[in-house]
Structure formats: C-alpha cells, structure tokens
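Student: Starting off with a structure, shown below.
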Amino acid sequence: MGVNDFIRFFRGMGGRIGSNVLAGVHGQTNPQSISFLRQLEKEVRQKSDLDCPLDKLEVVVFDIETTGFHPERGDRIISIGAVKMKGSSLIEQETFYSLIRSDSPLPPTISELTGIEDSQLSVAPDIADVLIRFFKFASSSILIAHHAKHELNFMQKATWEHTRTKFNHRIIDTSFLTRLFDPSAESLPLESICEDCGVNIENRHNALGDALMTAKVWGIYLERAQAAGFKTLQEVYAHLATLR
C-alpha cells in the first residue's frame, strides 16, 4: 500500500512521561501502560541526540488536527499523524495515524477543513489509547513539527489530563533549521514553505498528510544544514544562539 493509499484508507477509520499512575481505558488501571510510561520517562531524560551526526539522526515528525487553537478553552485533539525519519530520509513504511473519539459535535468549519466527520470520531479510539500507541511509536525520539508550539500545548494538556503524566519529549520546530538561512524570516504556513521547497501539497489538513509534508521540508533543510557545514544539532543550537 502506497503512502497516499494509506492516507485515504485511514481518512475513513479511527485508526513523558512521568511516574504518576496512568488511568487506563474505560477507567481501569493498565499496569503494562504504567510500566511503559515510567520506562519511557527514564529513556527520554537520559537520551541526548544533540551530538548525533545529522545524517544519522532519528526523529519522528508529527502533526495533530484539533477543534481550535486553545486547549485551555476546551479545544481538543481529533487526530494524530506521524512518520519516522533517519537523517533526511523518510521511512515511509513507519507511519502512524489515528482519529480520536469525541462525543461532542465538530465545528462545521473544522469538519470541512479536515474532512473528518462526527460519525468517524464517535467510533474512534479513546485518546488515552491513542496517546499510548503514539508514544510507543515515537519511543524516546526527538519530535519535529511545523509551528510546534501548537502541538506542544495540546500534547502537554492531553497527556496530563488523560494519563496523569507529563509530556517530556523534546519538540523541535521546522524553523529551527530554516532560521539558519534566513534568521529574520517569519514562520510560514506549511503550504507556503512546501511551495518554496518544491514539495507537493497533498492531503493538507490531514494529520498524516501534513506530517509527511513537514518531514520532506525538514529533510530538505537538514541537507542544506549539512551542506553549510553543520554536523550536529548542538552545532545548530550554538550558531542560532549567536544570532539572538
């Protein structure tokens, strides 16, 4: 099954970490999930990829679709999509996608934008389930996102509310690399930066579709960073610090 077939298939389907107790599915404690999250917390805290060569760096690029922009006002995640990368290469067979159950009607604008319908969310997996599966997919890898503050805010709130654990993963915004070449540039919409990079715009506002496009952008700028002489994330951080 190709990537586009995978996306179309999942469009119609449902389908950090702290030391506190995880509330399992349907309110039952899941000892395996508790153990997993505790171990993952240790791995995230101990792991450092900052000195890993950029061509060997393993990351997970992800995207979420939400009902709005304000998790503190009750907006919620309705889907998560992700793809793994090594260096600038997408591992297209290593993808993640799931809708998230909701019994509250979607705003019509969100349904139109994402193509997600209330009937799909009513039979999708619970968010606690989806978060656990996502964390198992991502493991302790660095996470990459476009306009990452949006993802960070929602993931922090959802992870705490639904697992009573903290979201500890490092999230890096795509602008981390784009600012190497234009420090004064504003963060562009995903479709704009895709056009600038020659990345085809496909399945926009589908979480997996957006994750795949973001991954391609990240890969292009990672190669540019390497061509410019940067060998690790630590070197990029050090250089960007001099531009402030």
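Student: Please report, ordered by residue number, the helices (runs of 4 or more DSSP H) entirely within the range 56-172 with at least 1 residues that are modelled with pLDDT of 95 or more, of a type in the set (Phe, Trp, Tyr) and within 26 Å of GLN234 (Cβ to Cβ). Lay out the reasoning, then the answer.
Tutor: On the way: elements: 108-114, 118-121, 127-138, 148-163.
Counting at least 1 such residues, we get 127-138.
Student: Which residue, of PHE181, PHE137, is open to solvent by 20 Å² or more (accessible area, probe 1.4 Å), in contact with a strand residue (DSSP E or B) (Cβ under 7 Å, 6 or more places away or on another chain) and among the aromatic types (Phe, Trp, Tyr)? Spell out the reasoning first.
Tutor: Values: PHE181 fails: in contact with a strand residue (DSSP E or B) (Cβ under 7 Å, 6 or more places away or on another chain).
Going through PHE181, PHE137 in turn, just one is open to solvent by 20 Å² or more (accessible area, probe 1.4 Å), in contact with a strand residue (DSSP E or B) (Cβ under 7 Å, 6 or more places away or on another chain) and among the aromatic types (Phe, Trp, Tyr): PHE137.
Student: Mind listing whichever residues of the range 115-133 are surrounded by fewer than 20 Cβ atoms within 10 Å (Cβ to Cβ) and either over 15 Å from the mean Cα position of the chain (by Cα) or of a type in the set (Phe, Trp, Tyr) (or both)? Walk me through it before giving the result.
Tutor: Keep residues of the range 115-133 that are surrounded by fewer than 20 Cβ atoms within 10 Å (Cβ to Cβ), which gives 115, 117-119, 122-123, 125-126, 133.
Result: GLY115, GLU117, ASP118, SER119, SER122, VAL123, PRO125, ASP126.
Student: So for the range 73-80 (the condition being more than 17 Å from ALA148 (Cα to Cα), touching a strand residue (DSSP E or B) at 6+ places or on another chain (Cβ under 9 Å) and either surrounded by fewer than 19 Cβ atoms within 10 Å (Cβ to Cβ) or not β-branched (Val, Ile, Thr) (or both)), does at least one residue qualify?
Tutor: no
Student: Exactly one condition in (1) in a loop (DSSP other than H, G, I, E, B); (2) on the phi < 0 side of the Ramachandran plot; (3) crowded, with 16+ Cβ neighbours inside 10 Å is not met by HIS205; state its number.
Tutor: Answer for HIS205: the failing condition is (2).
Student: Continuing with this model, one more query. Given the condition under 20 Å from HIS146 (Cβ atoms), open to solvent by less than 20 Å² (accessible area, probe 1.4 Å) and at pLDDT 95 or above, answer yes or no: does some residue in the range 34-54 qualify? Step through it out loud before you land on a result.
Tutor: Applying the first criterion (under 20 Å from HIS146 (Cβ atoms)) to the range 34-54 yields 49, 54.
Of the ones still in play, those that are also open to solvent by less than 20 Å² (accessible area, probe 1.4 Å) are 54.
Those left that are additionally at pLDDT 95 or above: 54.
Looking for residues that are under 20 Å from HIS146 (Cβ atoms), open to solvent by less than 20 Å² (accessible area, probe 1.4 Å) and at pLDDT 95 or above, one finds at least one in the range 34-54, hence yes.
The values are calculated or read from the model by the stated rules, or taken from the named source; none is laboratory data. Source: prediction; values computed, not measured. No Cβ is skipped: glycine too gets one built from the backbone with ideal geometry, and neighbour counts run over all protein chains shown. Side chains included, ligands, DNA and RNA excluded: accessible areas come from the protein's heavy atoms. Shrake-Rupley method; radii C 1.70, N 1.55, O 1.52, S 1.80 Å.
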